[in-house]
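Written out below as structure tokens is the structure these notes cover.
The values are calculated or read from the model by the stated rules, or taken from the named source; none is laboratory data. This one's a predicted model, so the numbers in the text were calculated from it and none came from an experiment. All Cβ positions, glycine included, derive from the backbone under ideal geometry; neighbour counts span all protein chains shown.
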């Protein structure tokens, strides 16, 4: 039995962001309210998914592999909460802003459009830098008897394209026994099939399950992967519609709840004032880094 098989059918988890400002409150919620606990991101405190890793001004000091990482505010509180309420199945989730997305953010202020070759080379450096921090977090969790699923969030893939992406993800893939991809853009199914993530997470409202998607998802699931269906609206309304989205996706893909995770849909403009805290969303994960 694979590690993901320890999760219940249609296990709930969050994409990452929570509408909290207090790290301890966010950590308590992220551990207690979901089948698969995750380390919360706090965009109201840390800023968007770029600032979370690179600081408020990513270009302030230029890029260097020795650059300090901006540690997630809720990390320590989350670790402490997990010690009090460890999940019985022993699995937790980490989210990482993807190296392509961070590289695009670092490049976008240069004169003229970003060079694809330069951005790809930078993304490889960033990936190794990210992997060093992530591997440290994975080890910390392992020392506490927890297995980490590391999910790479790559909204820039829609603008950057897929060539070279697999190589860029290799350092992060190697940082944990389980790794995944979250895409809030058109999903490049050929790339996903080649990359073979342990989890693929996407918004069912943005990316319906086509015949091609169903073929890839079925093959991934046959290898033990889980599909994280983004179907729950961030405002907490429309549970019937969410259920219809999920039921339709399962029917078209031929998959079962045992092969599924359930998470929130993506939004583009930050956590809305009335955002539900039942199933959060990575509300800043759909920024176009080239915009």
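Side notes on the structure shown:
- Qualifying residue in region 96-103 (condition: within 20 Å of residue 41 (Cα to Cα), assigned to a helix (DSSP H, G or I), touching a residue at least 60 places away in the same chain (Cβ under 8 Å) and over 16 Å from the mean Cα position of the chain (by Cα)): no
- Restricting attention to region 241-278, the residues that are within 24 Å of residue 7 (Cα to Cα) and at pLDDT 55 or above add up to 25.
- Tally of residues being touching a strand residue (DSSP E or B) at 6+ places or on another chain (Cβ under 7 Å) and either part of a strand (DSSP E or B) or surrounded by fewer than 21 Cβ atoms within 10 Å (Cβ to Cβ) (or both) across region 10-49: 7
- Checked against the criterion of being over 30 Å from residue 208 (Cβ atoms), at pLDDT 90 or above, surrounded by fewer than 22 Cβ atoms within 10 Å (Cβ to Cβ) and out of contact with any strand residue (DSSP E or B) (no Cβ under 9 Å at 6 or more places or on another chain), the candidates 136, 115 yield just one match: 136.
- When the test is whether a residue is modelled with pLDDT under 75 and at positive phi, residue 16 does not pass it.
- When 286, 231 are checked against the criterion of being surrounded by 21 or more Cβ atoms within 10 Å (Cβ to Cβ), under 28 Å from residue 26 (Cα atoms) and at pLDDT below 95, 231 stands alone in meeting it.
- Neighbours by Cβ (under 6 Å, 6+ apart or cross-chain): first from region 217-229, touching a residue at least 40 places away in the same chain (Cβ under 8 Å); second outside any helix (DSSP H, G or I): 224/2; 225/198; 226/199; 226/261; 228/199; 228/201; 228/261; 228/263
- Extreme residue, farthest from residue 91 (Cα to Cα), among residues of region 176-186 that are surrounded by fewer than 21 Cβ atoms within 10 Å (Cβ to Cβ) and in contact with a strand residue (DSSP E or B) (Cβ under 9 Å, 6 or more places away or on another chain): 185
- Residue within region 143-160 that is within 13 Å of residue 94 (Cβ to Cβ), in a helix (DSSP H, G or I), without any contact (Cβ under 8 Å) to a residue 24 or more places away in the chain and out of contact with any helix residue (DSSP H, G or I) (no Cβ under 6 Å at 6 or more places or on another chain) present: no
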